[in-house]
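Below is one structure, written out as structure tokens; comments come after it.
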Amino acid sequence: MLLGLGGLYGLIRNAEALPIAPPDVSKCEPGGAYTFRNGEVISLDVNCCPPYADVQSDYKLPTFTKPRIRPAAHRLTPEYIAKYERAIQKMKDLDVTDPDDPRGFTQQANVHCAYCNGPYDQVNHEGIDIQVHNSWVFFPFHRWYLYFFERIMGELIEDPDFALPYWNWDNPRGMQMPSMFDRDASPLYDLNRDQMHRPPAVVALALTNPPITNPVQIISNNLTQMYKEMIGDVESPIDFMGNPYSDGDYPPEATEGGLPERGSHTGVHIWTGNPENDFIEDMGNFYSAARDPLFFAHHDNIDRMWIIWKTIPSAFPKDINGPVVPNPDDFNAAAFMFYDEKKNLVRVKVADCLDHTKMGYEYEHSDTPWTTYRPPQRAVPVNIEDLSKKAERGDQVFPLTLTKTMRVLVPKPTKGKADEVLVLENIISERSKIVRFDVFINDEDDKPDELDRAEYAGGFTQIPHKVRAAESANVLRLNLRELYENINIADDDFIVVTIVPHINGGDVTIGGIKIIPRVTI
């Protein structure tokens with residue numbers, strides 16, 4: 001089958017590896033959470049270590065007589081909202097009455113921080129962190145995280161049927177922060193949010209700078225973003241799920257995550273976080289993100305996207321298995337530690353969460369208008385000779401610092417509508433900062449705020465985060481097969497690539513650019 005180059009990179013790198021093992025929670029480093037600024041390690045002065053228990057066991061999914069139904073947040077009844085607020089308040093009360101109770105809200109937020117920002121080392125790999133973002137464990141880890149959080153809430157309010165709501169930001173009716181999270185006196189409110197993005201502001205899944213103010217354009221961009229990351233740009237399960245991540249691997253880079261993770265997921269985190277804080281806390285940084293109750297409604301929709309994606313017809317299998325990767329057990333046997341609703345420390349595996357119905361929940365239906373939101377096709381190909389007069393030769397401008405919009409002439413290995421990948425190599429960025437840039441192909445209109453056009457190839461978004469201590473570089477790969485069809489590409493020897501910096505472009509250096517065929521394995 002054909003596999004995107006991002007996936008192939010992971011397969012080669014992990015061909016002889018073993019699954020990620022659950023951490024030794026007794027060795028969590030209390031002062032281990034940190035990030036980077038100007039290439040230097042910055043201690044965050046927070047203790048992200050959940051309580052330790054020496055009694056541990058393998059978790060077995062209980063049986064269910066009926067599924068819990070997770071509702072859309074913008075359609076909730078007052079009765080449900082009151083119950084939801086009561087559950088969160090009880091978790092926050094535990095922070096005061098019993099700070100060591102792993103079911104407390106702060107301790108639950110610590111779970112996310114411990115798996116994301118450095119406190120846990122991989123077993124038998126001292127100094128190499130566990131990182132549950134930017135790889136194929138992203139979706140399974142967060143599914144388990146939501147599962148136990150939901151069951152803890154139900155236990156505290158004595159309602160085993162209680163289900164988490166999802167923030168329906170993929171539908172125009174849900175593209176505002178749900179109002180129940182925006183009441184100052186509510187336990188669902190978090191002061192550490194962007195105050196400019198309180199309702200009725202429309203969430204932007206793909207960030208631009210300056211921000212778009214036209215809500216119609218924002219919604220159109222959002223629907224295009226959803227189509228591309230769920231359908232149009234996905235050529236393999238690795239494109240959607242993220243690159244392989246195995247025992248002994250260093251924390252993966254931002255571009256190694258699946259399309260939804262580095263797209264709508266990251267966009268909502270940054271849009272919600274408070275830009276007045278040093279590290280865009282709460283939602284804008286991995287270590288603090290779960291301190292905001294909105295985090296869980298956001299990730300509930302991410303989990304819903306995984307379920308929906310698996311039902312969308314495609315030319316490739318959706319499961320991570322032998323035909324897709326040579327070592328599927330590295331995915332299926334990856335494991336984590338969580339506290340359940342009875343305060344038991346339990347071990348879970350990815351394989352046991354792949355069928356959400358066995359975990360006892362379903363999602364209330366909401367329409368998905370993005371499924372038919374493929375950008376309109378250009379009737380006539382661009383005149384590449386005229387457009388190239390505005391462009392630089394790629395072999396003459398790289399490496400470049402992205403201080404301004406750049407147009408680059410890039411040779412094609414094959415004429416016409418080929419199955420190719422655009423590769424931006426050696427992307428070095430400041431890890432403690434938000435970074436965003438977009439990429440367009442053969443774009444003569446110069447409308448960088450309009451992503452709902454045939455020429456839009458995709459973007460790069462970075463949440464401030466901790467990565468490996470050694471210097472490392474991202475590689476951004478953008479599938480071009482459908483885009484070539486959309487722009488009605490001619491038999492030209494070159495394309496013009498436009499790179500548009502939106503946020504902190506001056507902190508980004510791109511080492512090179514090229515187009516290569518997608519590889520058959």
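When 243, 168 are checked against the criterion of being more than 25 Å from residue 255 (Cβ to Cβ), surrounded by 23 or more Cβ atoms within 10 Å (Cβ to Cβ) and touching a Ser or Thr at 6+ places or on another chain (Cβ under 6 Å), 168 stands alone in meeting it. Anything in region 59-107 that is in a strand (DSSP E or B) and surrounded by 16 or more Cβ atoms within 10 Å (Cβ to Cβ)? List them, or say none. Those that are in a strand (DSSP E or B) and surrounded by 16 or more Cβ atoms within 10 Å (Cβ to Cβ): 68, 70, 72. Taking the criterion of being modelled with pLDDT of 95 or more and either of a type in the set (S, T, N, Q) or over 30 Å from residue 365 (Cβ atoms) (or both), the only residue of region 248-265 that qualifies is 264.
Is at least one residue of region 462-484 more than 25 Å from the chain's Cα centre (by Cα), in contact (Cβ under 8 Å) with a residue 60 or more places away in the chain, more than 18 Å from residue 252 (Cβ to Cβ) and open to solvent by 20 Å² or more (accessible area, probe 1.4 Å)? No, region 462-484 contains no residue that is more than 25 Å from the chain's Cα centre (by Cα), in contact (Cβ under 8 Å) with a residue 60 or more places away in the chain, more than 18 Å from residue 252 (Cβ to Cβ) and open to solvent by 20 Å² or more (accessible area, probe 1.4 Å). Tally up the residues in region 193-231 that are touching a strand residue (DSSP E or B) at 6+ places or on another chain (Cβ under 7 Å) and open to solvent by 30 Å² or more (accessible area, probe 1.4 Å), please. Of the residues in region 193-231, 5 are touching a strand residue (DSSP E or B) at 6+ places or on another chain (Cβ under 7 Å) and open to solvent by 30 Å² or more (accessible area, probe 1.4 Å). The set of residues in region 360-404 being open to solvent by less than 60 Å² (accessible area, probe 1.4 Å), under 21 Å from residue 422 (Cα atoms) and in contact (Cβ under 8 Å) with a residue 24 or more places away in the chain consists of 375, 378, 381, 382, 384, 387, 388, 391, 394, 398, 400, 402.
The numbered conditions (1) of a type outside the set (Ser, Thr, Tyr); (2) touching a residue at least 24 places away in the same chain (Cβ under 8 Å); (3) in a helix (DSSP H, G or I); (4) open to solvent by less than 70 Å² (accessible area, probe 1.4 Å) are all true for residue 53 except (3).
Identify, by number, the condition in (1) open to solvent by less than 30 Å² (accessible area, probe 1.4 Å); (2) touching a Phe, Trp or Tyr at 6+ places or on another chain (Cβ under 9 Å); (3) in a loop (DSSP other than H, G, I, E, B) that residue 457 doesn't meet. Going through the list (1) open to solvent by less than 30 Å² (accessible area, probe 1.4 Å); (2) touching a Phe, Trp or Tyr at 6+ places or on another chain (Cβ under 9 Å); (3) in a loop (DSSP other than H, G, I, E, B), residue 457 breaks only (3). I need every pair where a residue in region 83-99 that is among the basic types (Lys, Arg) has its Cβ under 7 Å from the Cβ of a residue that is part of a helix (DSSP H, G or I), sequence separation at least 6 or different chains. Qualifying pairs under 7 Å: 90/156; 92/105. Filtering 488, 504 for residues that are open to solvent by 10 Å² or more (accessible area, probe 1.4 Å), more than 24 Å from residue 249 (Cβ to Cβ), polar (S, T, N, Q) and touching a strand residue (DSSP E or B) at 6+ places or on another chain (Cβ under 8 Å) leaves a single hit, 504.
For residue 270, are the conditions met, namely being touching a Leu at 6+ places or on another chain (Cβ under 7 Å) and either open to solvent by 10 Å² or more (accessible area, probe 1.4 Å) or farther than 23 Å from residue 200 by Cβ (or both)?
Numbers: touching a Leu at 6+ places or on another chain (Cβ under 7 Å): yes; either open to solvent by 10 Å² or more (accessible area, probe 1.4 Å) or farther than 23 Å from residue 200 by Cβ (or both): yes.
Judged against the criteria, residue 270 is a match.
Looking across region 287-300 at every residue that is open to solvent by less than 10 Å² (accessible area, probe 1.4 Å) and part of a loop (DSSP other than H, G, I, E, B), the one that is modelled with the lowest pLDDT is identified as 288. In region 148-164, of all residues being of a type in the set (A, V, I, L, M), over 19 Å from residue 352 (Cβ atoms) and in a helix (DSSP H, G or I), the one that is farthest from the chain's Cα centre (by Cα) corresponds to 156. The set of residues in region 172-186 that are assigned to a loop (DSSP other than H, G, I, E, B) and open to solvent by 20 Å² or more (accessible area, probe 1.4 Å) comprises 183, 184, 185. Any residue that is surrounded by fewer than 15 Cβ atoms within 10 Å (Cβ to Cβ) and in a strand (DSSP E or B) - is there at least one of those in region 405-414? Within region 405-414, one or more residues are surrounded by fewer than 15 Cβ atoms within 10 Å (Cβ to Cβ) and in a strand (DSSP E or B).
When each of 189, 145 is tested for being within 30 Å of residue 339 (Cβ to Cβ) and surrounded by fewer than 19 Cβ atoms within 10 Å (Cβ to Cβ), the lone residue that passes is 189. Here 286, 279 are screened, and the one residue that is over 15 Å from residue 136 (Cα atoms) and within 12 Å of the chain's Cα centre (by Cα) is 286.
Do we have residue 230 as outside any helix (DSSP H, G or I) and under 22 Å from residue 72 (Cα atoms) here? No; evaluated as a whole, the condition is false for this residue.
More than 16 Å from the chain's Cα centre (by Cα), within 26 Å of residue 219 (Cβ to Cβ) and either surrounded by fewer than 16 Cβ atoms within 10 Å (Cβ to Cβ) or of a type outside the set (S, T, N, Q) (or both): is that true of residue 313 in this structure? It is true that residue 313 is more than 16 Å from the chain's Cα centre (by Cα), within 26 Å of residue 219 (Cβ to Cβ) and either surrounded by fewer than 16 Cβ atoms within 10 Å (Cβ to Cβ) or of a type outside the set (S, T, N, Q) (or both).
Screening the candidates 340, 303, 282 for the property of being in contact with an Asp or Glu (Cβ under 8 Å, 6 or more places away or on another chain) and either open to solvent by less than 20 Å² (accessible area, probe 1.4 Å) or not hydrophobic (A, V, I, L, M, F, W, C) (or both) yields one hit, 282.
The values are calculated or read from the model by the stated rules, or taken from the named source; none is laboratory data. This is a predicted model, so every value here is computed, not measured. Cβ atoms come from the backbone with ideal geometry, glycine included; neighbour counts cover every protein chain shown. Please note that ligands, DNA and RNA were not included when accessible areas were found on the heavy atoms of the full protein model with its side chains. Shrake-Rupley method; radii C 1.70, N 1.55, O 1.52, S 1.80 Å.
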